[in-house]
Amino acid sequence: MPGSTIEERDWHSMIVRVSIAAVLAFSLVGCGGGASSHAVLPGASQGATTGTNAQFVIKVPPKTGSGTGRGPAYVSPSTQSISIQVDSGTPTVSNVTPGSPNCSVPAPLSPLTCTYALSLTPGAHTFTIKTFDGLAGAGNVLSTNSAPFTVVANQANVVNLTLAGVPASLLVEPGSGDAQIVGSGSAGFQFTGEVPHTVIVLPQDADGNLILGPGAPTISASVSGASSGSGLSVAPASGNPNAFTLSSTGFGTASLSLVATPGAASAGSALNASVSLDATVYSSVIAGGGLNGGGYADGTGVAAAFTNPAGVAVNTANGNLYVADTYGCSIRQVTTAGVVSTPYGTLPPTQNTCGNTNGTGNGALFQYPNALAYDPANGDLYAIDSGSGCGLRQIAPSGVVTTLAGGTTCGYADGTGSAAAFAAHVGGIVYDPTDSDLYVNDTDNCAIRQVTLAGVVTTVAGAPPPTVSCGTVDATGTAAQFYSSQGIAYDSVNQSLYVTDRYRVRQVTVPGYVVTTIAGPVPPTSTLGFTDGSGSAASFSYPYGITYDSTDGNLYVVDAANQAIRQVTPAGVVTTIAGSTPPTPTFGASGGFGFAARFGYPYGVAYDAATNALYVSDERNTSIVQVQL
């Protein structure tokens with residue numbers, strides 16, 4: 001008997017098979033002497049008769065596909081013979097086939113019905129029944145059970161004996177309709193790590209028939225060896241003894257331990273199996289795409305094209321994304337279904353019509369917009385231009401575009417409105433809902449700038465204007481130095497900004513603006529690499545976009561040169577969750593679970609709490625990728 005084999009079956013076929021009923025019953029009538037009784041199915045009645053004879057009736061369901069047994073008692077469609085033992089007497093073995101004596105199939109597709117006579121006396125008896133998949137009691141035992149019964153004279157005696165199926169293997173499958181879990185009992189399961197998923201565990205007999213309903217083994221499940229931080233667990237699903245819910249609080253691996261305990265001791269010992277689990281993320285391209293492709297077109301999915309997708313922001317009011325299409329000099333809108341339109345800036349197919357002209361919708365012009373931020377309180381979108389003018393633009397829900405700060409010349413100046421100036425390259429911008437300010441990662445000026453909604457610009461970390469002083473110094477406020485900072489995110493729980501700075505991830509407290517390095521080499525050490533770990537043991541290679549996950553409090557970084565998505569906890573623990581596997585970067589353009597996904601050069605990233613997903617702009621593949629957490 002294959003003790004812990006796990007086999008795969010078609011789920012649709014299984015649904016069809018479990019509708020087949022199987023009945024095992026026999027009736028006994030006892031009295032002092034002579035006449036025989038007749039068969040009675042469970043629940044039927046008959047008048048009292050005399051005699052010590054009885055009839056045993058077994059119904060074997062027809063085979064459909066691989067067959068199954070389900071009914072008042074488990075009888076496998078593969079049953080070929082049966083053993084009936086009364087007390088300690090010699091078992092009576094009979095074949096159970098259409099050609100066997102006392103057996104018949106009343107109609108096409110009807111169960112095979114066999115009737116056997118027994119000789120009994122009134123009083124206490126023990127009945128032991130076994131079914132086999134071979135003739136004359138040969139082959140595998142498919143089901144078995146023993147039960148005491150007292151024959152009472154002068155009344156109908158009906159024995160309802162539930163046979164216990166003998167489990168030989170377990171069929172383990174994902175719950176139907178869940179596309180975010182894949183695999184099998186033999187291959188293991190991969191699934192998105194922060195939402196629950198259902199697995200179905202079905203015992204099978206030696207011939208692959210499912211053992212369900214009364215007579216089926218009891219299934220239990222547990223998780224062992226869960227990796228640190230994964231929070232992998234399993235629990236019974238409501239209303240289905242064969243269904244279990246997998247959950248996790250993070251990403252990682254574990255083993256799912258399954259035990260099928262037979263319904264009767266005579267059906268053998270417990271069957272054990274182990275299935276590997278991998279809680280990870282699933283990446284899929286929702287718009288644009290094509291290695292080294294590109295263009296400028298609205299449309300759905302791959303019919304849409306971007307010239308250079310960079311900054312990404314989520315409109316929490318309607319769930320849509322905004323993408324700064326840098327060389328298209330426009331702001332593109334992308335629905336989660338992948339429908340791309342151009343609400344602001346130059347309409348496709350015309351591109352590179354750039355400028356710093358305010359206006360409404362497509363009447364406004366942008367100069368190589370690079371970074372975006374969304375203000376959920378007012379519904380405003382903010383974009384900052386990378387070309388001449390270097391203005392921080394405000395886009396109202398009505399579509400009216402105005403310049404909030406800068407916009408006259410590029411440079412480095414604090415001030416209000418047009419008196420302020422930003423560098424020609426700004427890596428990121430984020431909205432702080434705690435004090436309703438914006439923070440700009442002014443890359444080429446090596447500084448973090450605060451911008452109020454009134455347009456007042458102040459340098460809060462990095463050297464103050466007009467001096468640009470770049471370096472790698474952890475300190476407070478203007479005593480700190482940044483080397484080539486790019487992305488910026490805000491964590492409202494810890495009231496901190498998080499900044500990617502070529503080699504590392506740095507924290508800037510708000511207020512106070514104390515700058516520390518939480519992951520990557522500690523200044524002044526500057527080493528590129530691709531290593532998971534904690535604090536300074538981790539390494540990056542040109543991390544660009546960064547976003548804060550308000551659901552679980554983690555940060556997510558697009559590590560551009562490593563072609564990977566990295567998770568960073570506020571404590572600085574770095575784990576790669578999608579794309580390349582450390583320590584080797586691998587270019588590509590494909591979706592998939594975890595490390596099966598490939599990126600070209602990921603740049604911007606935004607977290608959407610409504611879908612519990614990251615949205616990543618992939619510059620080289622000119623696409624927008626959804627990374628489902």
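The values are calculated or read from the model by the stated rules, or taken from the named source; none is laboratory data. Bear in mind the structure is a predicted one, so any value in this text is a computation, not a measurement. Positions of Cβ are backbone-derived with ideal geometry, glycine not excepted, and every protein chain shown enters the neighbour counts. Only protein heavy atoms, including side chains, enter the accessible area calculation; ligands, DNA and RNA are left aside. Shrake-Rupley method; radii C 1.70, N 1.55, O 1.52, S 1.80 Å.
Across the options Gly99, Thr575, Gly345, the greatest Cα extent toward the positive end of the charge dipole of the chain (unit charges at beta carbon of Lys, Arg, Asp, Glu) belongs to Gly99. The shape of region 568-629 comes out oblate: with a ≥ b ≥ c from the C-alpha gyration tensor, a/c is at least 1.5 while a/b does not beat b/c. The order of Ser238, Ser484, Ser590 by accessible area, most exposed first and with a 1.4 Å probe, is Ser238, Ser590, Ser484. Charges were assigned to the Cβ only: +1 to each Lys and Arg, -1 to each Asp and Glu. The resulting dipole of the chain about its Cα centre is roughly 1400 debye.
Rg to Rh for region 272-412: what is it, with Cα atoms only and Rh by Kirkwood?
Rg/Rh for region 272-412 comes to 1.10.
Once you have a ≥ b ≥ c as the square roots of the Cα gyration tensor eigenvalues for region 349-426, tell me rounded if a/c is under 1.5, and otherwise prolate or oblate according to whether a/b is larger than b/c.
oblate
Contact order, relative form, for region 150-231: 31 percent (alpha carbon pairs under 8 Å, 6 or more residues apart, mean separation divided by residue count).
Counting Lys and Arg as +1 and Asp and Glu as -1, what is the net charge of the other residues whose Cβ lies under 14 Å from the Cβ of Val166?
-2
Could you work out the relative contact order of region 276-373? I mean the mean sequence separation of Cα pairs under 8 Å and 6+ apart, divided by the number of residues, in percent.
23
Rolling a 1.4 angstrom probe over the protein heavy atoms with all chains in place gives region 163-283 an accessible area of 34 Å² per residue.
Here region 366-406 has an Rg and Dmax of 9.8, 30 Å, counting Cα atoms alone. Spin-label pair Ser550-Thr300: with each label point 7 Å from Cα along the Cα-Cβ axis, the two points sit 3.0 nm from one another.
Within region 159-292, all pairs of alpha-carbon atoms sorted by distance into 10 Å bins from zero give the percentages 12, 39, 27, 14, 5, 2, 0, 0. Anisotropy class assigned to region 443-568 is oblate, per the alpha carbon gyration tensor with a/c at or over the 1.5 cut-off and a/b no larger than b/c.
Applying 1/(1 + (r/R0)^6) with R0 = 56 Å to the Cβ-Cβ distance of Ser492 and Gln85 gives a FRET efficiency near 0.15. Accessible area per residue was computed with a 1.4 Å probe on protein heavy atoms; Leu453 scores about 60 Å². When shorter helices are ignored and each DSSP H run of at least 4 residues is given -39500 (n - 2.57), the per-residue value for the chain at 222 nm works out to -500 deg cm²/dmol. Just one of [x] 26.4; [y] 28.5; [z] 25.5 is Kirkwood radius over Cα pairs in Å as worked out from the coordinates here. Which one is it? Answer label, from the structure shown: [y].
Between the beta carbons of Thr531 and Ala377, assuming R0 = 51 Å, the FRET efficiency works out to 0.85 to the nearest 0.05. Legend: calculated FRET efficiency, Ser238 to Ser590, from the Cβ-Cβ distance at R0 = 30 Å, rounded to 0.05, equals 0.20.
Solvent-accessible surface of region 488-629, taken per residue with a 1.4 Å probe and all protein chains present: 29 Å². Using a probe radius of 1.4 angstrom, the carbon and sulfur fraction of the accessible surface of the chain is 54%.
Give me the percent relative contact order of the chain, please, defined on Cα pairs under 8 angstrom at least 6 residues apart.
9
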